[in-house]
1. Could you list, in sequence order, the residues of region 9-22 that are surrounded by 12 or more Cβ atoms within 10 Å (Cβ to Cβ) and among the polar types (S, T, N, Q)?
2. Does any residue in region 8-35 that is among the aromatic types (Phe, Trp, Tyr) come within less than 7 Å, Cβ to Cβ, of a residue that is part of a helix (DSSP H, G or I) and open to solvent by less than 60 Å² (accessible area, probe 1.4 Å) six or more places away or on a different chain, and which pairs are these?
3. For region 23-55, give me each residue that is over 18 Å from LYS87 (Cβ atoms), open to solvent by 30 Å² or more (accessible area, probe 1.4 Å) and under 14 Å from the mean Cα position of the chain (by Cα).
Amino acid sequence: GDMRQALNNAQSTTNGFGMISRENVFKVCDQPHPKIVADFLASCLKRELDQACDAMVRLWKEGYSAIDIIQTVFRIAKNYDMSEPVKL
């Protein structure tokens with residue numbers, strides 16, 4: 001299951017871009033880049049709501065679905081350096 005998906009993604013990335021890089025893999029897998037989501041979380045923690053909203057609008061305008069954005073936020077927030085009550 002997961003290993004087969006990883007190999008398919010690697011092959012698609014190589015075929016489409018000629019090399020495997022983080023940026024190319026995220027393009028092929030069509031998931032929001034974790035750096036943008038981490039910046040979103042950092043803005044939220046600093047109460048910089050304009051920057052946080054800008055990050056979400058950017059992802060939305062790039063064509064990511066709401067569920068892809070939410071899943072990525074959840075995945076990044078799980079390991080983000082912040083207290084458990086804030087994560088919840």
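The values are calculated or read from the model by the stated rules, or taken from the named source; none is laboratory data. Just so we're clear, the structure is a prediction, and the values are computed from it rather than from any experiment. Cβ placement follows ideal geometry from the backbone for every residue including glycine, while neighbour counts extend to all protein chains displayed. When the accessible area is computed, the model is the full protein with side chains, heavy atoms only, and any ligands, DNA or RNA have been set aside. Shrake-Rupley method; radii C 1.70, N 1.55, O 1.52, S 1.80 Å.
1. Going through region 9-22, the residues surrounded by 12 or more Cβ atoms within 10 Å (Cβ to Cβ) turn out to be 9-14, 17, 20.
Answer for region 9-22, where residues must be surrounded by 12 or more Cβ atoms within 10 Å (Cβ to Cβ) and among the polar types (S, T, N, Q): ASN9, GLN11, SER12, THR13, THR14.
2. Qualifying pairs under 7 Å: PHE17/ASN24.
3. The answer is GLU23, VAL25, PHE26, LYS27, VAL28, CYS29, ASP30, GLN31, HIS33, LYS35.
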